[in-house]
Each structure stands twice: as C-alpha cells, then as structure tokens.
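I'd like to ask you about the structure that follows.
The values are calculated or read from the model by the stated rules, or taken from the named source; none is laboratory data. Being a predicted model, the structure only gives us computed values, none of them experimental. Cβ placement follows ideal geometry from the backbone for every residue including glycine, while neighbour counts extend to all protein chains displayed. For the accessible areas, the whole protein counts, side chains as well, though only heavy atoms, and no ligand, DNA or RNA atoms are used. Shrake-Rupley method; radii C 1.70, N 1.55, O 1.52, S 1.80 Å.
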Amino acid sequence: MFQTGDLIIYGSTGVCEVTGIQPSKFPGEEGLYYTLSPRYSSETIYIPVDSPVFMRRVISREQAETLIGQIPEVQESATHSDHRQMAEQYEASLKTHDCTELLRIIKTAYLKTRRSVQSGRKPGQTDQRYLKRAETQLYGELAVALGIQPDEVKGYIEKSVRTAH
C-alpha cells in the first residue's frame, strides 16, 4: 500500500502524488480509497486502494540515470508494415508501464520517422501518435526522478548520451 506523499505512476495518467487515504465517500461503497493529484494536470482522482488499474512507485534518480545510460543499448522493436500490427505492438509496450519498453517505443518511432523523412516520405501517423504518448509517459516520470521539468528531459537525455560517448 502506498502512503500519503508517495509519488506513483497511475495507469496512463502518469505521475500522481498520493494526497490522502480514506474510507470511501461514496454511498454503498466500502473500503479505502487513494486521493491522487496528477503532477501534470489539475484534476483529483479517487481510486480504490485495491483497484486493478496499474500503479507503482516512480523510479528513483539512480534508476533514471541508469536507464538513460542504457539508451544506446536499447534495441529498436521489430517493425511491421501493417499499421494495425505496429499499433498493437506499441499499445502492448505502453501497457507494461516499463521505462525500458517506453524507451524502445520512442527509439523505434523516432528512427522510423527519421528514415521516412530521409527518404522523402511523410512520417507515419501511428509512429507519431505512439512516440508522443511514450514521451509523455516516460518524460513525466524522468522529470520527477531527476528534479527537472518534463520539457527539459529530452535535452537532459541528449546531453547525457552525448557526454557518455
């Protein structure tokens, strides 16, 4: 169980702070509920402590640094010419909420986009859509772990990878 003040990943919402744990406020419902405050939006979420929605603690600064150091070794996903198959693969990776899988989506979509542009084609919409979703999810978590803003994460990663090699 999480504690008040914990920073967690909650489903596709991303980083949330647990701002309270209390009995249900809803008539006819029992059990404990978390009150979550998403880090990058102004809503408030009430969710049962035992909800099936994915929840885990945000990674530490050390884990974030290690992850960034591993970027050059992260392998691109096998690509499919069928957009539906590619979307299913991306979706399955997103649902893992695993930072390495999110990096794999970003790297795959970025490299596919770059190859398309270099050969004079438009970037694929599927790749662009999942690149954005994976960046939003991963960069939000890395920002919290590193103590920076989400829009600073890409530059931080580029600098770290450049310095390491």
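From the residues in the range 80-121 that are without any contact (Cβ under 8 Å) to a residue 12 or more places away in the chain and not in a helix (DSSP H, G or I), which one is most open to solvent (accessible area, probe 1.4 Å)?
Arg121
Right, something else. State which residue pairs qualify: first residue closer than 16 Å to Asp6 by Cβ and hydrophobic (A, V, I, L, M, F, W, C) and inside the range 38-53, second residue open to solvent by 100 Å² or more (accessible area, probe 1.4 Å) and at pLDDT below 95 in any location, beta carbons under 8 Å apart, and separation of 6 or more residues or different chains.
Val49/Met1
Quick one: count up the residues across the range 123-135 that are open to solvent by less than 90 Å² (accessible area, probe 1.4 Å) and either touching a residue at least 40 places away in the same chain (Cβ under 8 Å) or among the charged types (D, E, K, R) (or both).
Residues meeting the conditions: 6.
Does at least one position in the range 57-67 carry a residue that is touching a residue at least 24 places away in the same chain (Cβ under 8 Å), in contact with a Gly (Cβ under 8 Å, 6 or more places away or on another chain) and part of a loop (DSSP other than H, G, I, E, B)?
No, the range 57-67 has no match at all.
Then there's this: Could you check, for the range 42-52, whether at least one of its residues is part of a helix (DSSP H, G or I), among the hydrophobic types (A, V, I, L, M, F, W, C), open to solvent by less than 40 Å² (accessible area, probe 1.4 Å) and more than 19 Å from Pro150 (Cα to Cα)?
no
Just to be sure, is Phe2 out of contact with any Asp or Glu (no Cβ under 6 Å at 6 or more places or on another chain), open to solvent by 40 Å² or more (accessible area, probe 1.4 Å) and either assigned to a strand (DSSP E or B) or not β-branched (Val, Ile, Thr) (or both)?
Criteria not met by Phe2.
Okay, next question. Cβ-Cβ below 7 Å, separation at least six or inter-chain, first residue in the range 16-28 and free of Cβ contacts under 8 Å to residues at least 12 places away in the same chain, second open to solvent by 40 Å² or more (accessible area, probe 1.4 Å) and assigned to a strand (DSSP E or B): which pairs?
Listed pairs, sorted by first residue: Pro23/Leu32.
Please give the number of the condition Ser77 fails out of (1) over 24 Å from Gln128 (Cα atoms); (2) in a loop (DSSP other than H, G, I, E, B).
(1)
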